[in-house]
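First comes the structure, then the notes that go with it.
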Amino acid sequence: MKIHFPNSAFLGNIDPFLKSIDASNPDCLEITFNNRWVSAHPLTLSMVASLGLSLRQRNARITCEPIVAPSRNYLIRMGLFDFLGQDPGATVTAREPAGRFIPLTNITDDRELSRFIQELAPLLHLDKHPEQADAIKYVVSELVRNVLEHASSSTGSVVCAQYFNKTNRVSIGVADAGAGILTTISKAHEVASDVEALKLALTPGVTGTTARPGGTEANAGAGLFFVKSIAKINREFFLIYSGNAAYKLKKTPAGKRIALFGEPDRDAHSMMQGLPYWQGTAVGIDIALGQTQSFQQLLAMIRDVYRLDSARDKMKTKLRRATFI
Amino acid sequence: MTGEYVTVMLFELVGEFAEDKNKAKEIREGTILPAIEEGRLVVLDFDKVNSATQSFIHALISEAMRRKGASALDFLRFKNCNSIVREIISIVVEYMQAPPQSHNGNGG
């Protein structure tokens, strides 16, 4: 595979980056960089790091063009070259990452995930944003657990995050080199393509573990829908890429009323088809720290989506409520 | 119901952010389901738990509702829930009674 880091690859303009991936030879990896500047969403770093881990596990060849752009130090501190097993040609004095970023981290089991989530909020200095901290922890927990439970990834999950002062938002990337959404969701549903698999995976109530409504004792098929909803209520991007397809939730313009939908087709989005094949799944999301909709408001809206969906069917009996004391 | 009850202090088991589904499974299999089978009330105390994921709450209570239907709620009490935890519990309780129907699964 060949991957080139352009000067800019964020969720809004990531399409050329994804399309430029050369997946013709999956048994080696060649990385190149823009000579002048590299500014990239954590999603791109998690993808490349995950790919690097997977290839190194197979003793495949990885080559990395010497990077001359000034952003080299950033990529070093994020740990990209460690994951690739490459010498970046320079060293940087590691500074305490608190307040700026969470370097690339490989998570392979529940204990590592729990520890990572505990450290996440302090590292990003989110003490003044408790609700957004909860949203970020929520996103990371659901996305990484998806990998651990469903992806059959021998290298687990790779995650990293970055706080951007200019836009006052946290960007998160989670990637794996596992089975991919199509394979996973096909265990319980008839699915013909990556596009269809992505849509199903984003639909509340759909899980790869069963076709039974309500899911299993462990899975309800709601995780990705919740994560997409968190992005939407933040008026931010969300992207999921697996196989040959990627679904990108577009930003909801300021001033436009936010509505959540169970069917991902109803959201303003772009569906990229025929992309270079990504073995596994990669998810990127942005979360604004200055957003005004609370996490509780989001949950109330999600609850309405479920209610509407049920009402559409045949639910006429009154639902019982939990007893809170 | 026997009149006896068992209390689960969630914070001591899962911390302030309840997301560990394996812990939820342990609580479900080790405490909730056996207690309900014996006709005992289960008090799930969320004191000091700031937030939870839907996946955690689902793993905690959905199987009881699948086995007993909505009558499982007769055996469950949710104590000291903040507004976020309360909302997530309500979502799970509702969709377990009326699951989403908008997909085209092949297994019924």
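Some points to look at:
- Peptide B:49-58 is shielded by partner chain Cβ atoms: per residue, an average of 6 of them sit within 10 Å of its Cβ.
- Among A:4-16, A:234-246, sorting by the average number of other beta carbon atoms lying within 10 angstrom of each residue, highest first, gives A:234-246, A:4-16.
- Expected 222 nm ellipticity per residue - DSSP helices of 4 or more, -39500 (n - 2.57), all of chain B, to 500: -12500 deg cm²/dmol
- Cα centroid of the stretch A:257-279 to Cα centroid of the stretch B:1-64, whole Å: 35 Å
- Amide H to amide H distances under 5 Å link A:Cys64 with A:Ile31, where only residues 5 or more positions off or on other chains count and H is placed in the peptide plane.
- The peptide list B:44-50, A:284-290, A:140-146, A:62-68, put in order of mean Cβ contacts within 10 Å with the highest first, becomes A:140-146, A:284-290, B:44-50, A:62-68.
- Peptide A:117-130 has a mean of 1 when you count, residue by residue, the C-beta atoms of other protein chains within 10 Å of its C-beta.
- Expected-Rg normalisation [2.2 N^0.38 Å, Cα atoms] applied to chain B: 1.06
- Antiparallel bridge percentage (DSSP; both residues within the protein assembly as shown; nearest 5): 65 percent
- Euclidean distance of C-alpha centroids, the stretch A:100-147 and the stretch A:15-59, integer Å: 23 Å
- In order through the stretch A:146-157: 3J(HN,Hα) via Karplus (6.51 cos²θ - 1.76 cosθ + 1.60), integer Hz, x for Gly, Pro: 3, 5, 4, 8, 10, 7, 6, 8, 6, 10, x, 10
- Within the straight-line cut-off of under 13 Å between alpha carbons, the aspartates and glutamates reachable from A:Lys228 are A:Glu142, A:Glu236, A:Glu263, A:Asp265, A:Asp267, A:Asp286, sequence neighbours fewer than 8 places apart in one chain being disregarded.
- For peptide B:41-48, the mean count of partner chain Cβ atoms within 10 Å of a residue's Cβ comes to 1.
- Expected 222 nm ellipticity per residue - DSSP helices of 4 or more, -39500 (n - 2.57), all of chain A, to 500: -10500 deg cm²/dmol
- Filter on A:Lys318/B:Lys23; A:Lys137/A:Lys251; A:Lys128/A:Lys166 - keep pairs with C-alpha separation over 24 Å: A:Lys318/B:Lys23
- For chain A, the fraction of alpha-carbon pairs in successive 20 Å shells from zero, as %: 32, 59, 9, 0
The numbers here are math on the coordinates, done by the rules we state, and not lab data. The shown structure was predicted, so the numbers you read here are calculated from the model rather than taken from an experiment. Here Cβ is always computed from backbone atoms with ideal geometry, including for glycine, and neighbour counts include all displayed protein chains.
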